[in-house]
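Peer 1: Could you have a look at this structure, given as structure tokens, before my questions?
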Amino acid sequence: MRRQNLTTLFALAAVTMLSSVVSAQSQVNAKPAPPAKAWTMPRTPDGKPDLQGVYSNAQTIPVARPAYLGAKEFYTDETDKEASAKAAPAGRGGRGGPARAGVAANPEGGLAVHYDNSQFGLGGSSITRAASLRTSIITGPEGRVPPLTPAAQKLLADRRAYQQVHQWDSAQNRPLAERCITWGFEGPPMMPVGYNSTLEIVQGKGYVGIVQEMIHDTRVIPTDGRPHGPAEIKRWMGDSVGHWEGDTLVVETVNYNPLVMVQGGPLSDAAKVTERFTRVDANTVQYQFTVDDPKTWVKPFSGEYNMVHIDGPVYEYACHEGNYGMANNLSGERATEKKK
Amino acid sequence: MQIQSGKGRSRWANWVIVGMAGAGLLSLAVLPTPAQAPAYKAPRTKDGKANLNGIWQAMNEANWDIRPHAAYAGPVYTLGAAYSAPAGLGVVEGGDLPYKPEAAAKQKQNFADRLKLDPEIKCYMAGVPRSTYLPYPFQIIQGTGTVMIVYEYAGAVRVVNMGAPTKAPADSWMGWSNGHWDGDSLVVDVTSLNDQTWFDRAGDWHSDALHVIERYTPIGPDALQYEATIDDPKVFTRQWKMSMPLYRRLEKNAQLLEYKCVEFAEEVMYGHLRKQPMEGKGDSK
């Protein structure tokens, strides 16, 4: 275990208990069916759709579509979904099927999850996840993040080569997530993580605030019509401005810090991410995004998932404050060097 | 106009005297007296609450020392006049802090060891109330049923529950905030704060028994009066209160930027574990 934060662990246990109460909620599918009973859009006092509340964006579906499903974008129903999981070739979506969101959230197969979630009672049904008949979060016939451009591949290869030699040299050489700077899942686009996939939306005059439990990152999105900030100011979560299109909150983000990675790709100064938040029923906000960065991917890609209301709360994730692993890892490496 | 007094005064003149005296009383009644709270009435949100939305910042020296203090040299002499402590009148009502004797001694030790101990140097979330008067802006996003308070420093955040009060599930750096309205004042009751944060760079400290009651009161279109009543029976002999105005950031494009300070604290926290010493950025060589 690389990082220990007892407060967080206790918080996780508490989340688990709370979540299990509401885990049986069934949610609308990605293709919203007409709701059974009349539902009217709740609105804030100034008339905007009310998106406020605490949500889980944990998913039952992987980011990228398993290859054996080909161009199949939707399961026909839950039976089809289960049958598909059983019929999956070995090593693909086995052991609990495609519902292992923590693993699914990282297409690189890296350390998206460095805890054994079952150890904390976080596996399977203990997390509230929006039901979905999608076969993957990434939409379209390919259902996966497109290939990187040659330039982006070279950039990554250079970084990896450097890391192979220098990864333990100092704290600054460790991955951003381990340094508690950004996990890359806070986005935008906001993606489910292995655990703590919990967020809260608050709407005030001219602003939408979104706090994400991982790693207590808060997005403050102006909706007052202002332009983006100066391009000189690069930000870990980018520079977001929003506006309402009908009942949908549309957020555009540019000016990312060049070290930010999204789904395995390094965002460039040309990156633009567009998100759409639409409340589709009493418990669900549909979340759609498009990532467009011609310097990094050969074409744009889009994704979609539902966030489901939970009772909350969002716990404080004091990542850096509890990052004992950083000193321990580095001192371990220095001790190893002395033995050589 | 001169009113005649005495025998020759008409009944009409008597009424004039009474009327003028009454007008004088009335005009006295509408003039604010120094003892009264300012009669400012804040603009409303659409649901009728005082509108506290905005980007706010303290403009004082409390983060150096919440008590009255003369200017003094900073702890890193190579930074010279640029990072020394400006003098400040203090924000504690009555000036001094009612420390228990052993707690007062610990503050002095904290100050002596501040380069090692001040949680601000390590980019740790600053807790309540210190987050309010760190020299960075913070933003209030006034929702329905919740009020989000986001701080630029370390990306710290609180979501104040404005519904029926709830209990904290665990202690935390930013604590557990239940709020309600008292007229135009947003009153926030903060509990379950851990014992890792300080009040200032002077080593003023508290325990995990800290209980803070904050009041945010609009006193003009661009200012709030902030009060924090501090109760910590493990450290202080009685409750005490700090107060200060907070000012709206009026720049047309004012916005919270990122101050993700982890990367600025890594060298001071982990530099001794480097493979090669960092060159060119030492503190005093």
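Peer 1: Where Lys and Arg each count +1 and Asp and Glu each count -1, what net charge lies around B:PRO137 among other residues with Cβ under 14 Å from its Cβ? Walk me through the numbers before you get to the answer.
Peer 2: Details: positive: B:ARG248, B:ARG249; negative: B:GLU152, B:ASP222, B:GLU251, B:GLU258.
Cβ neighbours under 14 Å give a net charge of -2.
Peer 1: Subtract the Cα-Cα distance of A:LYS340 and A:GLU232 from 0.36 nm times their separation in residues, and report this length gain in nm to one decimal.
Peer 2: Extra length available between A:LYS340 and A:GLU232 comes to 34.4 nm.
Peer 1: Against the globular-protein guess of 2.2 N^0.38 Å, express the Cα radius of gyration of the range B:54-266 as a ratio, rounded to two decimals.
Peer 2: 0.99
Peer 1: Also: Please state the shape class of the range B:85-136: rounded when a/c is under 1.5, otherwise prolate if a/b exceeds b/c and oblate if not, all from the C-alpha gyration tensor.
Peer 2: oblate
Peer 1: How compact and how long is the range B:162-285, expressed as Rg and Dmax of its alpha-carbon atoms in Å?
Peer 2: My reading of the Cα-based Rg and Dmax gives 19.4, 59 Å.
Peer 1: Checking the cross-link filter: which lysines have an alpha carbon closer than 28 Å to that of A:LYS338, excluding same-chain neighbours under 8 positions apart?
Peer 2: Counting by Cα, and skipping residues close in sequence, A:LYS338 has these lysines nearby: B:LYS116, B:LYS275, B:LYS281, B:LYS285.
Peer 1: Here is a further query. How charged is the neighbourhood of A:LEU199? Take every other residue with its Cβ under 12 Å from the Cβ of A:LEU199, and add Lys/Arg as +1 and Asp/Glu as -1.
Peer 2: -3
Peer 1: Using the crude model of +1 on Lys and Arg Cβ and -1 on Asp and Glu Cβ, and no other charge, please compute the dipole size for the range B:54-266 relative to its Cα centre, in debye to 20. Please report the intermediate quantities before stating the final value.
Peer 2: Working: 19 positive and 26 negative charges, 20 e Å.
Once rounded to the nearest 20, the dipole reads 100 debye.
Peer 1: What are the aspartates and glutamates whose alpha-carbon lies under 12 Å from the alpha-carbon of A:LYS272, with same-chain residues fewer than 8 places away excluded?
Peer 2: Within the straight-line limit of under 12 Å, A:LYS272 reaches these aspartates and glutamates: A:ASP239, A:GLU252, A:ASP292, A:ASP293.
Peer 1: So, one more: Report, in whole Å, the centroid distance computed from the Cα atoms of the range B:37-66 and the range A:261-306.
Peer 2: So the separation of the two Cα centres works out to 36 Å.
Peer 1: So what J values fall out for the range A:186-200 if you push phi through Karplus, 6.51 cos²θ - 1.76 cosθ + 1.60 with θ = phi - 60°, rounded to Hz, Gly and Pro as x?
Peer 2: Each residue's phi maps through the Karplus curve to give 5, x, x, x, 6, 10, x, 10, x, 8, 6, 7, 10, 9, 10 Hz.
Peer 1: Over all residues in A:313-326, what is the mean tally of Cβ atoms on other chains that come within 10 Å of each residue's Cβ?
Peer 2: That average works out to 5.
Peer 1: Using a 10 Å cut-off on Cβ to Cβ distances, tally the other chain neighbours for every residue of B:255-264 and report the average as a whole number.
Peer 2: 6
Peer 1: Highest mean first, how do A:228-235, B:240-247, B:197-204 rank when packing is the count of other Cβ atoms within 10 Å averaged over residues?
Peer 2: In descending order of packing, they fall as B:197-204, B:240-247, A:228-235.
Peer 1: Straight-line reach from A:LYS72: which lysines have a Cα under 27 Å away, not including same-chain ones fewer than 8 places off?
Peer 2: Of all the lysines, those that pass the test against A:LYS72 - Cα under 27 Å, at least 8 places apart if same chain - are A:LYS31, A:LYS81, A:LYS86, A:LYS299.
Peer 1: Taking every residue in B:166-174, how many Cβ atoms of other protein chains lie within 10 Å of its Cβ, on average? List each step's numbers first, then the result.
Peer 2: Working: counts 2, 0, 2, 10, 10, 3, 9, 6, 3.
Rounded to a whole number, the mean comes out at 5.
Throughout, read-outs are computed from the coordinates displayed, never taken from laboratory work. These numbers come from a predicted model, not from an experiment. Reconstructed Cβ throughout: ideal geometry from the backbone, glycine too, with neighbour counts over all protein chains shown.
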